[in-house]
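Participant: Mind looking over this structure? Questions follow.
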Amino acid sequence: MYDLQISEEQLAIRDTVRDFVANEITPVALLPKRLEPFDPPLPTAEIEKAAELGLRTLSLSEESGGANSDSLTRCIVAEELASGDADIAAVLAETSELAGPLFDRAMTTEQRNLILPKFIENNDFHLAVAPSRMANHSAIGNSYHRHKEKKSDMAFKATAKEGGGWLLNGIGTRVSNASIAKHKLVEAHTETRKSVILK
């Protein structure tokens, strides 16, 4: 049975994030420009500060430079962040949730060696990973807020090109964090297996 009792370490993490939200996020969230009803500017400076606390790499293994935190810890962090600003919480929670499956399980060694250092250094990814997918149920993340597409429309198709590389065909209906992510992640299907392709 999954243990939902909060440990002393999780309480310490909660209190650290709570203090960060009170001191750094809440004052910005209350500014008039953050209260605009449509498309308020994303407070990227505060997201960067949160990333410096390690809140962007919670699900990464320790070997990859993350905290290897469990789901309950990540939920606690997301809840505390959302109490200050829902947009900041969404960006950090999704990026953190995707980082572990992406870097620790989905990437080839060559891809990991090329991209992981840039992600850890927080300079080339511009704060976030942006998945582009059509499937409601993705190998690296789920979307609960869209209608179900037809099965035939659920994924990009990747066809190997002569001389190397891939040709992608498909239409993405959702790209999370697209406005701030420098790299877009595309989940695609090949004829023989499901692949994760980075562009």
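What follows draws every value from the coordinates through simple rules; no lab data is involved. For clarity, every value in this text was computed on a predicted model and none was experimentally measured. So basically every Cβ, Gly included, is an ideal-geometry build from the backbone, and we count neighbours across all protein chains shown.
Participant: Report the FRET efficiency, 1/(1 + (r/R0)^6), for Glu48 and Glu110, where r is their Cβ-Cβ distance and R0 is 45 Å, rounded to 0.05.
Facilitator: With R0 = 45 Å, the Cβ-Cβ based efficiency is 0.95.
Participant: Within segment 1-96, list the chymotrypsin sites (Phe, Trp or Tyr not before Pro) lying in a DSSP loop whose Cβ has at most 12 other Cβ atoms in a 10 Å radius.
Facilitator: Those satisfying the criteria are Tyr2, Phe38.
Participant: Over 29 Å between Cα atoms: which of Lys118/Lys157; Lys49/Lys157; Lys49/Lys182 fall into that group?
Facilitator: Lys49/Lys157
Participant: So between Glu9 and Asn23, what do we pick up on full extension, going 0.36 nm a residue minus the alpha carbon distance?
Facilitator: This chain segment gains 2.9 nm when fully extended.
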